[in-house]
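The values are calculated or read from the model by the stated rules, or taken from the named source; none is laboratory data. Treat the numbers as computed from the prediction; the structure is a model and nothing was measured. Quick reminder, even Gly has a Cβ in these numbers, built from the backbone with ideal geometry, and neighbours come from all protein chains shown. The protein model used for the area step is the full one, side chains on, heavy atoms only, and it has no ligands, DNA or RNA in it. Shrake-Rupley method; radii C 1.70, N 1.55, O 1.52, S 1.80 Å.
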Amino acid sequence: MMGAENKGHDYEEAHLFASKEEMESLVLHEHPFNSNSNGNGNFFSSYGSAMSSSLPDSHHPLSSSVATAILTDSDPLLSPPPYPELHGPSSHDNSYIEPPSYADVIFSPFHGEDINSLESPSLSSINSPMSFSRTSSSNSEYIRITVSNPQKEQETSNSIVPGGNTYFTYLITTRTNIPEFVATEFSVRRRFRDVVTLSDRLAESYRGFFIPPRPDKNVMESQMMQKQEFVEQRRLALEKYLRRLSEHPMIKKSDELKVFLQVQGKLPLPTSTDVASRMLDGAVKLPKQLLGESTVAPHEVVQPAKGGRDLLRLFKELKQSMVNDWSGSRPLVVEEDKEFLEKKEKMHDLEQQLSSSSQQAESLVKAQQDMGETMGELGLAFIKLTKFENEEAVFNSQRARVLDMKNFATAAVKASRFYRELNLHTVKHLDALHGHLGLMLAVHSAFTDRTSALLTVQTLLTELASLQSRSEKLEAASSKVFGGDKTRIRKMEELKETMRVTEDAKNVAIREYERIKENNRIELERLDKERHTDFLSMLKGFVANQVGYAEKIANVWGRVAEETSGYVKESI
Amino acid sequence: MDHQQPPWSVSGSSQSPRSPSSQPYLHVSVIDPVKLGNGVQAYISYRVITKTNLHEYQGPEKIVIRRYSDFVWLHDRLFEKYKGFFIPPLPEKNAVEKFRFTAEFIEMRRLALDIFLNRVASHHELQQSEDLRTFLQVDEAVMERLRAHENGLFKKPAELMQIFKDVQSKVSNVVLGKEKPVEESNAEYEKLKHYIFELENHLAEAQKHSYRLVKRHRELGKSLSDFGKAMKLLGSCEGDSLGKAFSELGAKSEVVSVRLQKEAQQLLMNFEEPLKDYVLAVQSIKATIAERANAFRQHCELAETMKLKEINLDKLTLTRSDKMREAETEYNQLKQANEEAKRRYDDMVRLMNEEIVRFQEQKTLDIGVAFHNFANGQARLANNIADAWRSLLHKLESC
């Protein structure tokens, strides 16, 4: 298929293992390497030709129009240039890749290190730049998920309308050497609804963890966009999401994820039934709760009130939260961890700065893009002028300068290509900003878990206190009656029983709260470390690129400056 | 500011060498732009200094105050009187209102006017023009009267422009064969005309893109600066070494941004302006082409009329009519006029041929220099940028 020395070597091997289905789906990946005819083409040149081909690269993370603008078909520079000396992207790259400069050395941060990627470095590096710097440090454990091959399927049951509901499924392929998984390679078909289920179950099981947020449902967009575009967008988003999940040290080994990735057929995770049915269930329970003594069962305490069916509990906690906010009295247990509160403030600041940095990064990318485009247009204008002068020149003096004009124009076109390539790299590097901004959502959720667990504890404590005082009142009243009061005694026993259950629930709730606190702490540490690594690598990569490309551009123009220096000498 | 050529241009072979004091010299310069007047009627006035030892002039040095419309007057007079010559182009009249009084625009215009005047003063024919002497020496009151008189004929400079354009379009109609050909059928001249017209289009496009490129440099500079600031703030959220790294990135971004802004300015002055100058020059050649076509048509019309008169005269001579003498006088007058027209036309043709060679050589050099300056500027910019980032990279590596 391709030259053996090609950096796509690893990619080839992987290809042999792929199922036939995947072969079809991976067709898009092949193209970037076809154009690289140079056997020892270094990473950069193959990447360069990949990026300058006019294929819509499906793995591009930036869904903004900047990305599509880079790779659009209508780029005038990609159509065969009118001048015979200008070759197509691949072969003309070779003429100025040498001499090896700082640039070439620095360009290899993405290849070699990461053994997780079986695909070519160029493609995988676009996908999760964040994973690179980190996964290479994990001890030879890898997991690689690909989402591909969307297919339309029919809803078989319960279709009122004949021809029924259609939906899309996606092929999810995993390659891994983690022993907890059944095999080293396997695939399964899932629909978006399954992903929502997975996400919900993970949220329940991993309270306090920074769980990457799942892709949005995008109901509006799904109806307004073109089907194909929407499906492609969703496919990309799913892949990104699953990859992020698989990078999380706890979640990658979770049962939920394992089941999701491996079990064929229907996803055997409990689905999140919709709110209506929950409310219905809760409404059914409510009368019984109000009539009798009821309290929340200990086992239910580990989940927040909000998503559950226990309406009474929901009301109680709501009341508690209002008491917390409005009454003057201090709740019985408060968030005392000063360190945590500081951290929370910091996270808030970080989020703001990330947001503004992310915006500026997009502006910068656009400005670089524009620079490249206009430089190219200038070059083209002069190429046309050169052609014109060649054909129609009336005087000898013109013909002499035509060559210089041509060199100038060619240089401008080259410089333009460099700017565009620089930009592609820049986009990849700065994507770390966008990525971490997205993670802030996960942080919010985790902090919310903590808050709701605390609320549960507070509510139970309040409840216990009120039960206690009722019990005391009952005792006092009944002790006045000589011989005992049968009804009162019975009530007292019931109350004591309720108190016991509530006490148990309280203990469970406290344990849960502490557990979540610990999860928060661990995750914050982990996130800080990862962010630190990612940002450092982002900065290095960004700066290295700027240096490398500036050198190349300087070379190109330096030559033209020399060639045209004769004009200036004449003026002396 | 005694230079005789625009800063981006080089002396062509036809220029006279530097003149020692005994040699005749004429040095002109346009300096000191000052805003005068209020509101809509505000305008810029310039100081024009002439230093000369030519005896046609009133003295060794003269300073006068002139405004843009005075230069237009001079340009138009030269155009009228020196048919066949390529009159150096003026900077464009129309400027977007809000930019009219920016420092940049004022300086660019001053420079362009200085270049224009110098080109006139160093042109072997034009420098002898009486109108030039008038322009360089009379006081403002007189100048204003002259200008008003001229304007009186044409009502407004805008209308003058319109007439120019009409002539141009009439010429293109004639040249492009839309109107009935009272046309010189000369293959070489046709080729030249076609070349000139096409050239203008290509140059205009190149100039458009180069102006945009200047803007892109500025935009990139600005966004890099904003990005740097955001990075600095982000760094303040992070810990020690990383925070420092962000802060250094921010600082470097600012450095690079400033460098980009500088280069934008250089690009404007050393590349975009020369290109624009070239475009204007080509446009002025087009005007000359129009004039030549006019001269040709005049000559042809006269010749036709003359022929008719000749036939008439012969008829009258044969019939021995009384009207014969009248007719004879008329005929002789016409004959003279025709010979004049022919001579004028022939002069134009000769001149044009000489001028165009000179023009092409000059422009080849000018554009060559422009290319060199562009390439030099870009190379220097890129090297500066590489150096700036490289120093940061070393620091980052140790993080």
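Worth pointing out:
- Computed accessible area, A:I489, all protein chains, 1.4 angstrom probe, square angstrom: 70
- Separation of the B:E328 and A:E339 label points, Cα + 7 Å toward Cβ, nm: 12.7
- Estimated at the nearest 10 Å², the accessible area of A:D255 is 110 Å² with a 1.4 Å probe.
- Estimated vicinal HN-Hα couplings, Hz - the range A:422-428 in sequence order (Karplus 6.51, -1.76, 1.60; Gly, Pro = x): 3, 5, 4, 5, 4, 4, 4
- Local net charge near A:D349, Cβ-Cβ under 15 Å (Lys/Arg +1, Asp/Glu -1): 0
- 10 Å binning of all Cα-Cα separations within the range B:205-319, expressed as whole percents from 0 upward: 13, 19, 14, 13, 10, 8, 7, 6, 4, 3, 2, 0
- For residues of B:191-201, the mean tally of beta carbons on other chains within 10 Å: 3
- Accessible surface ranking that places the most exposed of B:V255, A:V323, B:V349 first, with a 1.4 angstrom probe: B:V255, A:V323, B:V349
- With the whole protein complex present, B:D139 retains an accessible surface near 90 Å², based on a 1.4 Å probe.
- The portion of the accessible surface of the range A:139-271 made up by carbon and sulfur, rounded to a whole percent, is 51 (1.4 Å probe; DNA, RNA and ligands excluded).
- Overall, the anisotropy analysis places the range A:137-258 in the prolate class: the square-rooted eigenvalues a ≥ b ≥ c of its C-alpha gyration tensor yield a/c not less than 1.5, with a/b exceeding b/c.
- Using the Karplus relation 6.51 cos²θ - 1.76 cosθ + 1.60 with θ = phi - 60°, the per-residue 3J(HN,Hα) values for the range B:368-374 come to x, 4, 4, 4, 4, 4, 4 Hz, with x marking Gly and Pro.
- For the range B:258-263, 3J(HN,Hα) per residue [Karplus equation, 6.51 cos²θ - 1.76 cosθ + 1.60, θ = phi - 60°, Hz, x = Gly/Pro]: 4, 4, 4, 5, 4, 5
- Dipole of the range B:327-381, positive direction: furthest Cα of B:N338, B:Q362, B:L351, with charges on the beta-carbon: B:Q362
- Available extension along the chain between B:Q261 and B:H149 is 35.8 nm, counting 0.36 nm per residue and deducting the alpha carbon span.
- Calculated FRET efficiency for the pair A:D349/B:D387, C-beta based, R₀ 25 Å, to 0.05: 0.15
- Listed by chain and number, the lysines placed with their C-alpha closer than 26 angstrom to that of B:K229 are A:K343, A:K344, A:K346, A:K366, A:K428, A:K529, A:K540, B:K215, B:K244, B:K252, B:K262, B:K395; residues fewer than eight positions away on the same chain are left out.
- Extension gain for the segment A:Q359 to A:K480, taken as residue separation times 0.36 nm less the Cα-Cα distance, is 36.2 nm to one decimal.
- When the solvent-accessible area of the range B:58-122 is split by element, carbon and sulfur atoms take up 56 percent of it, the probe being 1.4 Å.
- Here the range A:444-561 was treated as a single set of alpha-carbon atoms; its pair distances binned every 5 Å from 0 give 2, 9, 11, 10, 8, 7, 7, 6, 6, 5, 5, 4, 4, 3, 3, 3, 2, 2, 2, 1, 1, 0, 0 percent.
- Shape descriptor for the range B:33-133: Rg over Rh equals 0.99 (Cα atoms; Rh from the Kirkwood inverse mean 1/r).
- Overall form of the range B:207-260 per C-alpha gyration tensor (a/c, 1.5; a/b vs b/c): prolate
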